[in-house]
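Some notes on the structure that comes next.
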Amino acid sequence: MISRIIQVDPFDLIVFGATGDLSARKLLPALFQRDVAGQIPESSRVIGASRKPMSDADFRAFAKSAIEEHVPDKERTPESVEHFIQRLAYVAVDAMSDGGWSDLKALIEKARGHIRVYYLATGPDLFGPICDRLSSLGLVDDTARVIVEKPLGKDLESAREVNDLIGKAFPETRIFRIDHYLGKETVQNLMALRFANALFEPLWNAGHIDHVQITVAETLGVGGRVGYYDTAGALRDMAQNHLLQLLCLVAMEPPTSMAADAVRDEKLKVLQSLAPIRGEQAAQLTVRGQYRAGAAEGGAVKGYLDELGDASSRTETFVAIKAQIANWRWAGVPFYLRTGKRLATRVSEIVVGFRPIPHSMFDGSAGPLSPNQLVIRLQPNEGVRLWLMIKDPGPGGMRLRRIPLDMTFAEAFHTRNPDAYERLLMDVVRGNQTLFMRRDEVEAAWSWIDPIQEAWKANEEPPKPYASGTSGPSAAIALIERDGRTWHEDEPV
Ligand code: BG6
């Protein structure tokens, strides 16, 4: 089936923090792609706002170079870039004072009947003040939506505070808490795989599944984000949101529909069923690591502490967790989660390991029998592989072999995989919250993360060092191998 473009209603997207990294790397390129696809109505505008004094022309030049850097050559022409940047305007605004707000108001109010979308691509300390201003200036009408980026707090208490502040200006139905992992094509496919096929669901439980692995490995270091990162660490930056959201989609009960609350109710139940990891258990069930110097991205790279310039930091750049979901479906099935920076390869995947067959009728000459595995690859090379046992073709007796049923999407469909932000931004304009986190979900995730954070704090041990370009600290390998299992490694077919 050919992909469809459904035009959205006319909107204005006002980006606070418009000159920052997220705007340049993700938001402007995503909007550009949607413009090229013909999804954005002609009258829609993108209004950049940040403290930096800049003219419209400067902002357009900034957007042009961001698009040239982040959109592949073959996906743009000088005309398409020019068409897009004509939508852009810029206002210098100070979130903490009156500066610029009346200009912003005048500009926003120029358009009649446009849906207003406010994207807060700023630090969370500005979420409250910006929402407050928007509301007191009468800029939050019945259609206005707000998008907030993580980190939403650093623990449950601060998350509640931020949520309260946003909630004063916007109702929950118009707050879009973005977790861009939910917009990834293969994550959507996980829902299709589970709920549009009769094959998996009867097996999707502790009776047939031995364990689940969720890995998000990056080769990049923290680079220019070290200031933010040192206040967060891998647990808050990746596990509290991306890893737990993926876990929810694997583990949730079938929702009755794709309606936002139907899906989010089920995800919430999973988060609430996570067995707490407290005190001493944290040493058994979690591993935290920190990268040292090593080799990555084709050259020698510095260690985290050198990048930071502070040898005393205990911030983890790697985390592995053995999680358990205490409910009927998943009792006794470990969910091994891991994520880290400066690892050997960039790979994000979910591996569902099925139980071995109960009895083998084959003798030893058939070769070893491997349990089935479903590997859902989020990136790179998005696709799904179902590993099965077959008979090795040709004569020579009954010889068994493990092969994958392979659905690598790029090969199968020859289509461009849209970036998560493209889908998510259009969902906000459409008012569809299915792929956004509800307040109670975010808070339930923090409730599970907080005790781990506290246990680490109470423990004197620093994070385990690992050399850049490796697969993380050896303790993370021990975490799964102690249970007689191994981390999945991609294998040539
Ligand atoms: C972000 C984290 O949410 O996700 C980053 O803050 C991380 O630290 C990034 O690098 C990974 O996203 P992706 O889409 O490149 O896997």
Criterion (among the polar types (S, T, N, Q) and assigned to a helix (DSSP H, G or I)) met by exactly one of 97, 102: 102
Number of positions in the stretch 365-416 that are surrounded by 13 or more Cβ atoms within 10 Å (Cβ to Cβ), within 26 Å of the chain's Cα centre (by Cα) and in contact (Cβ under 8 Å) with a residue 40 or more places away in the chain: 13
Top-ranked residue of the stretch 417-440 - restricted to ones that are within 15 Å of the chain's Cα centre (by Cα) and part of a helix (DSSP H, G or I), ranked as nearest to the ligand (Cβ to nearest atom): 420
Residue pairs meeting the criteria (Cβ under 6 Å; at least 6 apart or on separate chains; first part of a helix (DSSP H, G or I) and at pLDDT 95 or above, in the stretch 469-486; second open to solvent by 70 Å² or more (accessible area, probe 1.4 Å) and charged (D, E, K, R)): 475/464
Failed item, numbered, when residue 81 is tested on (1) over 19 Å from residue 118 (Cα atoms); (2) β-branched (Val, Ile, Thr); (3) assigned to a loop (DSSP other than H, G, I, E, B): (3)
Residue within the stretch 440-453 that is touching a strand residue (DSSP E or B) at 6+ places or on another chain (Cβ under 7 Å) and at pLDDT below 95 present: no
Condition met for residue 231 (within 13 Å of the chain's Cα centre (by Cα) and among the hydroxyl-bearing types (Ser, Thr, Tyr)): no
Residue identified as touching a Ser or Thr at 6+ places or on another chain (Cβ under 6 Å) and within 26 Å of residue 189 (Cβ to Cβ) among 353, 383: 383
Qualifying residues in the stretch 141-169 (those that are among the hydrophobic types (A, V, I, L, M, F, W, C) and either closer than 18 Å to residue 425 by Cα or in contact with a Ser or Thr (Cβ under 8 Å, 6 or more places away or on another chain) (or both)) - the one surrounded by the fewest Cβ atoms within 10 Å (Cβ to Cβ): 156
Members of the stretch 247-292 that are surrounded by fewer than 17 Cβ atoms within 10 Å (Cβ to Cβ) and out of contact with any helix residue (DSSP H, G or I) (no Cβ under 6 Å at 6 or more places or on another chain): 257, 258, 259, 261, 262, 269, 275, 280, 281, 283, 284
Matching residues, the stretch 108-132, being over 28 Å from the mean Cα position of the chain (by Cα) and either within 25 Å of residue 422 (Cα to Cα) or in a loop (DSSP other than H, G, I, E, B) (or both): 108, 111, 112, 113, 114
Number of the condition not met by residue 325 [criteria: (1) within 16 Å of the ligand (Cβ to nearest atom); (2) of a type in the set (Val, Ile, Thr); (3) in contact with a helix residue (DSSP H, G or I) (Cβ under 6 Å, 6 or more places away or on another chain)]: (1)
In the stretch 170-189, the residues that are open to solvent by less than 10 Å² (accessible area, probe 1.4 Å) and acidic (Asp, Glu): 179
Matching residues, the stretch 133-158, being away from the ligand (no atom under 16 Å from the Cβ), within 20 Å of the chain's Cα centre (by Cα) and in contact (Cβ under 8 Å) with a residue 60 or more places away in the chain: 155, 156
Contacts under 9 angstrom Cβ, first residue in the stretch 160-188 being away from the ligand (no atom under 16 Å from the Cβ), partner β-branched (Val, Ile, Thr) and assigned to a helix (DSSP H, G or I), 6 or more apart: 163/442; 169/130; 175/166
Filter result for residue 98 (under 19 Å from residue 131 (Cα atoms) and surrounded by 13 or more Cβ atoms within 10 Å (Cβ to Cβ)): no
Answer from 196, 192, 232, 239 - the residue that is open to solvent by 20 Å² or more (accessible area, probe 1.4 Å) and either at pLDDT 95 or above or within 16 Å of the ligand (Cβ to nearest atom) (or both): 196
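The values are calculated or read from the model by the stated rules, or taken from the named source; none is laboratory data. None of the values given here were measured: they were computed from a predicted structure. Because the Cβ atoms are built from the backbone with ideal geometry, glycine has one as well, and the counts that use them run over all protein chains shown. Just the protein is used for accessible areas: all its heavy atoms, side chains included, with ligands, DNA and RNA removed. Shrake-Rupley method; radii C 1.70, N 1.55, O 1.52, S 1.80 Å.
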